[in-house]
Amino acid sequence: MHKLPFLLALPLSACTAETSAQPVQGGPPQPIAIHGQTPGHKCRTAGTDKFIGQPGTARKGSAIKRATRAAVLRWAPPGYMLTMDYREDRVTVYLGTDRRITKISCG
């Protein structure tokens, strides 16, 4: 009976907002991604207009991810529900019913 409060608090321990670093052998500590941020990756949509109208393929997705400097690529087909959390390291590629790219946005 006394285990219930412990079990309810256990999942919350994963939600701490502390930053930390992992030591790399022979080098300085490396930052860890926390709460939707990957160090060194901040999405930028400048120059992505060339992808609009092209087929939404894995190859195009990789090219968009490189062009935007995002760490995370998210596809958004028509009618697909997306989370509203903001991630500066994520690029979202919207597709039309014909599976062609209609919009590219960060967050």
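All of the numbers you see were taken from the coordinates with simple rules; none came from a lab. These figures come from a predicted structure and were not determined experimentally. Every residue, glycine as well, gets a Cβ built from its backbone with ideal geometry; the counts of neighbours run over all protein chains shown.
Given R0 = 22 Å, the distance between the Cβ atoms of ARG66 and THR97 translates into a calculated FRET efficiency of 0.25.
Across region 34-107, Cα pairs under 8 Å and at least six residues apart give a relative contact order of 37 percent.
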